[in-house]
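The values are calculated or read from the model by the stated rules, or taken from the named source; none is laboratory data. A quick note: this is a predicted structure, and the numbers were derived from the prediction, not measured. With ideal geometry, Cβ positions are generated from the backbone for all residues, glycine too; neighbour counts draw on all protein chains shown. Areas reflect the complete protein model, heavy atoms only, side chains present, ligands, DNA and RNA absent. Shrake-Rupley method; radii C 1.70, N 1.55, O 1.52, S 1.80 Å.
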Amino acid sequence: MENELWVVGIGPGGYEDMTIRAASVLKECDVIVGYTVYVDLIREAFPGKEFFTTPMRREEERCRLALDLAQSGRKTAVICSGDAGVYGMSGLILELSGEYPQVTIGVIPGVTAALSGAAVLGAPLMHDFAVISLSDLMTPWETIAARLRAAAQADMVICLYNPSSKKRADYLRRACEIIGEWAAAETVCACVRQIGREGQTACILSLDQLREYSADMFTTVFVGNSQTRQMGEYMVTPRGYRIGGGKERMESM
């Protein structure tokens, strides 16, 4: 096909954590477009490609550049960390695609931080969970707070993206206070930083301790539900296999 644009989720960052399909598409593309940090993560794995980068908060410029390159006849990929459809670029690309009717768009899934971080911790997402970003660049804080309350009231495990930044230094604490309206202070929580990259760290702590934790934009935070437990070095949310009998086991097979 001509005029191809692929929106590719590259996973947490390391080549070994990328899906086979994502790697195959990137090998076939002529041009790879992305946020500078993400391009630097994969540049060595795809020698001979032409790379274009834009800094943070230049997402529309990045997407239009990728669409222009694809429209010119070059097989192009725009990359996103994690999954392209989870706080990634696939939505914006598709919103703009009406201006580029000659471009064929495909979306390649990747491993989002909720999943790659959960694997580091053990099994925190074995039951229903919510993924909520604390960034208020595009979503009002009032909306974020309402979603936190709803998830906490429903006793869902909550995975927090973008928990803190220089301008939002107290947002994680504020989130913990909201969740704490429904969850106990000793609720098991965890933080994983630089998932799948050099310098990866992880720690398990209580909701009360999480209020004072110093997180950044490279940290993914997990807040357990009322059943979540620390088991040695692991964070585990039981699904009920040991207490629910055989019926659920059969239905899940």
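Numbers below:
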item	result
Hits in region 53-78 - residues which are open to solvent by 60 Å² or more (accessible area, probe 1.4 Å) and over 22 Å from the mean Cα position of the chain (by Cα)	ARG64, ASP68, GLN71, SER72, ARG74
Members of region 228-253 that are within 16 Å of ALA118 (Cβ to Cβ), in contact with a Lys or Arg (Cβ under 9 Å, 6 or more places away or on another chain) and either at pLDDT below 95 or surrounded by fewer than 17 Cβ atoms within 10 Å (Cβ to Cβ) (or both)	PRO238
Residue within region 3-26 that is of a type in the set (Ser, Thr, Tyr), at pLDDT 95 or above, surrounded by fewer than 23 Cβ atoms within 10 Å (Cβ to Cβ) and in a loop (DSSP other than H, G, I, E, B) present	yes
Residue match in region 30-42 (condition: open to solvent by less than 60 Å² (accessible area, probe 1.4 Å), touching a residue at least 40 places away in the same chain (Cβ under 8 Å) and more than 26 Å from LEU115 (Cα to Cα))	yes
Selection count, region 109-139, where residues are touching a strand residue (DSSP E or B) at 6+ places or on another chain (Cβ under 6 Å) and either over 25 Å from GLN200 (Cα atoms) or hydroxyl-bearing (Ser, Thr, Tyr) (or both)	2
Matching residues in region 100-115 - criterion: being over 24 Å from VAL221 (Cα atoms), open to solvent by 20 Å² or more (accessible area, probe 1.4 Å) and not in a loop (DSSP other than H, G, I, E, B)	THR104, ILE105, VAL107
Sole exception among (1) part of a helix (DSSP H, G or I); (2) of a type in the set (Ser, Thr, Tyr); (3) open to solvent by 40 Å² or more (accessible area, probe 1.4 Å) for SER97, by number	(3)
Residue within region 116-131 that is part of a loop (DSSP other than H, G, I, E, B) and either open to solvent by less than 40 Å² (accessible area, probe 1.4 Å) or among the polar types (S, T, N, Q) (or both) present	yes
Answer from SER90, SER81 - the residue that is surrounded by 19 or more Cβ atoms within 10 Å (Cβ to Cβ), in contact with a Leu (Cβ under 9 Å, 6 or more places away or on another chain), within 21 Å of THR112 (Cα to Cα) and among the hydroxyl-bearing types (Ser, Thr, Tyr)	SER81
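Conditions (1) surrounded by fewer than 16 Cβ atoms within 10 Å (Cβ to Cβ); (2) under 20 Å from SER133 (Cβ atoms); (3) of a type in the set (Phe, Trp, Tyr), marked per residue:
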| residue | (1), (2), (3) |
| --- | --- |
| CYS176 | no, yes, no |
| GLU186 | yes, no, no |
| CYS189 | no, yes, no |
| ILE204 | no, no, no |
| ASP216 | yes, yes, no |
